1. Suppose the filter is in contact with a Pro (Cβ under 7 Å, 6 or more places away or on another chain), aliphatic (A, V, I, L, M) and closer than 18 Å to Ile143 by Cβ; does Ala115 pass it?
2. Across the stretch 129-153, what is the number of residues that are open to solvent by 20 Å² or more (accessible area, probe 1.4 Å) and aromatic (Phe, Trp, Tyr)?
3. Can you pull out every residue in the stretch 27-44 that is surrounded by 15 or more Cβ atoms within 10 Å (Cβ to Cβ) and free of Cβ contacts under 8 Å to residues at least 60 places away in the same chain?
4. So which residues in the stretch 46-68 are farther than 21 Å from Asp27 by Cα and either open to solvent by less than 60 Å² (accessible area, probe 1.4 Å) or not small (Gly, Ala, Ser) (or both), if there are any at all?
5. With respect to Ser126, is the statement that it is of a type outside the set (Asp, Glu) and either out of contact with any strand residue (DSSP E or B) (no Cβ under 8 Å at 6 or more places or on another chain) or buried (at least 18 other Cβ atoms within 10 Å of the Cβ) (or both) true?
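The values are calculated or read from the model by the stated rules, or taken from the named source; none is laboratory data. Because the structure is predicted, anything quoted here is derived from the model rather than measured. Neighbour counts are summed over all protein chains in view; Cβ atoms, including those assigned to glycine, are modelled from backbone coordinates with ideal geometry. For the accessible areas, the whole protein counts, side chains as well, though only heavy atoms, and no ligand, DNA or RNA atoms are used. Shrake-Rupley method; radii C 1.70, N 1.55, O 1.52, S 1.80 Å.
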Amino acid sequence: MTRPLALAMLLLAAAPLAARDSLGVYDGWAAFRDASPARCYAIAKAEGNSAVGAYATISTWPGKGVRGAVHIVLSHEVSPKATVRLAVGDKRFTLVTKGRNAWAADPREDAAIIAAIRSAARMSVSGGGFTDRYTLTGAATAIDAATVGCAKR
């Protein structure tokens, strides 16, 4: 099965079919739009079998005034005291976590992460004895498609 097909199947299984409009699949990333609440996002599944259920999203919520929010679902739950780090190319970020969810600390860090994603080939998230790895091929195009998808609303 090809990676884009596997990604599309994962995304279809993860949410109700009626809630998603596909904005395109771009190598290892895809872009979608939800009608209610209005939201557009770029998404990628972590690589490898050990990262089942792990994925990264970059979302825009026009009704909430949010653009470029980074959210990562980790392959493992982390303790409240665990440090989770995101490595994008040569840039490093410490994420805020709760359970299996991780976010940038604030909108300024969201922007720094997205800038790093646009210029790197790979990223990884690690902490608590695990590492989830992502290819960034297609990420910039998927992010742009999601941004434009919500701008057209």
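1. When the stated conditions are applied, Ala115 does not pass them.
2. 0
3. The one that is surrounded by 15 or more Cβ atoms within 10 Å (Cβ to Cβ) and free of Cβ contacts under 8 Å to residues at least 60 places away in the same chain: Asp34.
4. Trp61, Pro62, Lys64, Val66, Arg67
5. The answer is no for Ser126.
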